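Asker: I have a structure I would like to understand better, so I am pasting it below and will then ask my questions one at a time.
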Amino acid sequence: MIQKIFQYKSFGFKNAHVDPGPAGWCLCCPVRVFVRLGCAAMAEPLAAAPTRTPAPRLIQKLDFPSMKFSLYFMAYEDKNDIPKDKNERVAWAFSRKATLELTHNWGTEDDETQSYHSGNSDPRGFGHIGIAVPDVYGACKRSEELGVKFVKKPDDGKMKGLAFIRDPDGYWIEILNPNTITSII
C-alpha cells in the first residue's frame, strides 16, 4: 500500500495517510496508472499524516474548475526533490518513472448513491495496483509485523516470490520484485 496507502475518507476510504517509503520502494515502473475516484480534501492530510508502511507522497495536485475535477499525482519521491515552482513541479511530476494519478470528479463525495468496488469479487474488474520492492520477503515480514492483512503470502499458491496484501477497505496491492518477476511468469 501498505497499511494506510489509499485510505482517503472522501475516496470511500476511511483515513488519509501518506509518507515516503524507505529507499528502494517504488511503484511498478515505467507505468502511469489512472484511477477514477471520488475525493475531496486530501492534499493537506496526505502531506502531514504518518504511516506505518511505505506509501507514495503527493507530489502534485492540479485543479480543473471549469471541468469540475482534480488530479492528484502520487509517487515515491523525496519531498526535498519536489520543485517549489508550480510549472517546474508539473513538468517534474509528469517525468517520474512511476506515478499513480488519482482523479477526483467533484461532487462524488456528496452523492449518497456513489459506491466503490474493489474489482476482486463479482463482478470482477480492475483488481489491484503493484509495488516493486527489492526484497519481497523482507517487505512481507515488515508488513506482517505491522498487522497488514495478506491475500497471498510469497510462498502461497502457484506463483512463488510475490505477495498480495489488502488495505483495510479490501483493495489489493501486489508486492513484487522486478528482477525476479520473469522467473515467476
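Every read-out reported here was derived from the displayed coordinates using simple, explicitly stated rules and does not represent laboratory data. Remember, it's a predicted structure, so these values are computed and weren't measured experimentally. All Cβ positions, glycine included, derive from the backbone under ideal geometry; neighbour counts span all protein chains shown.
Asker: What is the fewest-to-most order of His117, His104, His128 by other Cβ atoms lying within 10 Å of their Cβ?
Answerer: Ordered by Cβ neighbours within 10 Å, fewest first: His117, His128, His104.
Asker: Given R₀ = 25 Å, what would the calculated FRET efficiency be for Lys158 paired with Asp135, taking r from the Cβ atoms and rounding to 0.05?
Answerer: 0.70
Asker: Now, a different point. About the Cα centre of region 93-185, what is the dipole size in debye to 20, counting +1 per Lys and Arg Cβ and -1 per Asp and Glu Cβ, all else neutral?
Answerer: So the dipole magnitude of region 93-185 works out to roughly 680 debye.
Asker: Give me Met159, Met67, Met74 sorted ascending by neighbouring Cβ count inside 10 Å, so fewest comes first.
Answerer: By the 10 Å Cβ count, ascending, the order reads Met67, Met159, Met74.
Asker: What is the gain in length, in nm to one decimal, between Asn87 and Thr113 on full extension, counting 0.36 nm per residue of separation less the C-alpha to C-alpha distance?
Answerer: 5.6 nm
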